[in-house]
Amino acid sequence: MEARARILGFDAVRVTRPDAVPALRERLPAWLAEGHHGTMDWMEERADQRAAPSALWAETRSIIMLGMNAGPQRDPLDLVRLTDRGAIAAYAQRRDYHDVIKGKLKELGGFLSAKSAEPVKVFCDTAPVMEKPLAQAAGLGWQGKHTVLISREHGNWLMLGAIFSRAELEPDAPETDHCGSCRRCLDICPTDAFPAPYRLDARRCIAYLTIEHQGPIPTEYRERIGNRVFGCDDCLAVCPWNKFAGAARENRLAARDDLAAPPLAELARLDDAAFRVRFAGTPIKRTGRDRFLRNVLIAIGNSGDAALAEAAAACLQEPDPAVRGAAVWACGRLLSPERLRELFAAHGRDEMEAHVREEWRDAAGLPMEADGARET
């Protein structure tokens, strides 16, 4: 099986049992109870199946965990220094890994089923499977202090998939923790999203805020987002175990040159049709144009580049209020009080959305009575 898995492009394959992580029954409910999942309600749904793989499929006897290396070709931290360009997480600069891995899992699952004469089910991040704890139990790596799986051979960059089988397979030894006293991943986090080692508060995480979170991004995190328009790789990029990692060898996981550091002005001009074309086949498309444009406008506001201000001003009439609010915030950081008043007169007086009116009120140099101008 391992030989066939490697032929299919998987870089790591190990086996564990469905009951190998009994602590999940306590850890997952505690994390949910603290609200650290934010608005990701799907984490609560079918939580019983997440905490116990046998609850997902009672006939499971073995779980084959597989990893495919998706190491970036350049240091992701280089991108956050390019303030007039958008920083996109490494995994999203390429074809959606679900599309790449799922087919390979099905092929390998069919091979295993034929060999063992037992049925299988394959999963790749689309079912209630806790891949990272199971991957540690199988020996693929360990969950680091940033909660991401770390491999001694591939650093932080393994994309995971799982095959549940009714066959009785010999399990591999679990991996032990090799983080030691290192806390680079915790210290670099721009939004202090780790209340403690091995604990993540998703509500503060830039990946959550720019991908999962809907509506306005809380003001307290906007500056710290910088130019990150989709996801964040900071805690991954600083891990010293990456010194053993190489770039992805699966051709369909090769990064696209046009997504490495796209100009913010160019991204701000994308209408829905252009957005769909530009990001076809990538994880970004699933987030949708409005949420992505909201992120781009936050990055424009952080750029300090007055030349980008008019790109933000062009979004003041967008239908989505989160986009309009982000456009107001960006304009408030880049434009003069006089220009802001002109834009408010043209676009803000008839604003009906309360939080967008607050953005106008709070914009730099705008009179505090602006919020009430609509009613007077």
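Each reported figure results from applying straightforward, stated rules to the coordinates on display, with no laboratory input. These numbers were taken from a predicted model, which means no experiment stands behind them. Every residue, glycine as well, gets a Cβ built from its backbone with ideal geometry; the counts of neighbours run over all protein chains shown.
Here the Karplus curve 6.51 cos²θ - 1.76 cosθ + 1.60, taken at θ = phi - 60°, turns the phi angles of the stretch 73-90 into couplings of 7, 9, 5, x, 5, 5, 6, 6, 8, 8, 5, 8, 10, x, 9, 10, 3, 4 Hz, with x standing for Gly and Pro. Of interest is the spacing of the C-alpha centroids, which for the stretch 260-313 and the stretch 27-87 amounts to 25 Å.
Between the beta carbons of Thr39 and Tyr198, assuming R0 = 25 Å, the FRET efficiency works out to 0.65 to the nearest 0.05. For Gln143, nonlocal amide neighbours, meaning residues 5 or more places apart or on other chains whose placed amide H falls under 5 Å from its own, are Ile150.
The Lys115 and Glu353 beta-carbon pair, evaluated with R₀ = 56 Å, returns a calculated FRET efficiency of approximately 0.40.
Residues considered: Thr176, Thr191, Thr147. Largest GNM mean-square fluctuation over the chain, using C-alpha springs under 10 Å, is found at Thr176.
The stretch between Asp271 and Thr126 holds 49.3 nm of extra length on full extension. This uses 0.36 nm per residue minus the Cα-Cα distance.
Distance between the pseudo-spin-label points of Asp257 and Glu338 (7 Å out from Cα toward the beta carbon): 4.4 nm. In plain terms, the residue of Met352, Met159 with the fewest other Cβ atoms within 10 Å comes first and the most crowded comes last, giving Met352, Met159. Placing unit charges on the Cβ atoms of the charged side chains and taking the dipole of the chain about its Cα centre, the candidate lying farthest along the positive direction among Ala268, Pro218, Ala280 is Ala280. Net charge dipole, the stretch 263-376: roughly 540 debye, given to the nearest 20, about the Cα centre with Cβ charges of +1 for Lys and Arg and -1 for Asp and Glu. Pairs from the list Lys104/Lys145; Lys145/Lys243; Lys106/Lys243 with a Cα-Cα gap above 27 Å: Lys104/Lys145; Lys106/Lys243. Here the contact order of the stretch 199-287, divided by its residue count and restricted to Cα pairs under 8 Å and six or more residues apart, works out to 26 percent. Here the Debye sum runs over all C-alpha atoms of the stretch 40-140 as equal scatterers in vacuum, and log10 of I(q)/I(0) at q = 0.16 Å⁻¹ comes out as -0.87. Proximity of backbone amide H atoms, modeled 1.01 Å from N, is registered between Asp11 and Gly67, Met68, Asn69 at under 5 Å, excluding neighbours fewer than 5 places apart on the same chain. Springs between Cα atoms under 10 Å define the GNM used for the chain, and in it the highest mean-square fluctuation of Gly180, Gly301, Gly103 occurs at Gly180.
Helices in the chain, meaning DSSP H runs of at least 4 residues, each add -39500 (n - 2.57). Divided by all residues, the mean residue ellipticity at 222 nm is -9500 deg cm²/dmol. The simple Förster model, with R0 at 35 Å and r as the Cβ-Cβ distance, assigns Gln214 and Arg81 a FRET efficiency of 0.75. Between Gln49 and Glu2, the contour length at 0.36 nm per residue exceeds the alpha carbon distance by 14.2 nm.
Here the chain is assigned +1 on the Cβ of each Lys and Arg and -1 on the Cβ of each Asp and Glu. Its dipole about the Cα centre then comes out at about 1100 debye.
Computed over the chain, the convex hull of the alpha-carbon atoms projects to a mean area of 19.2 nm².
Maximal additional length on extending the Arg27-Gln73 stretch stands at 13.1 nm, based on 0.36 nm per residue less the C-alpha distance. Of the DSSP H helices in the chain, those with a Cα length along their own long axis of 27 Å or more and a mean Kyte-Doolittle hydropathy reaching -1.0 comprise 97-116.
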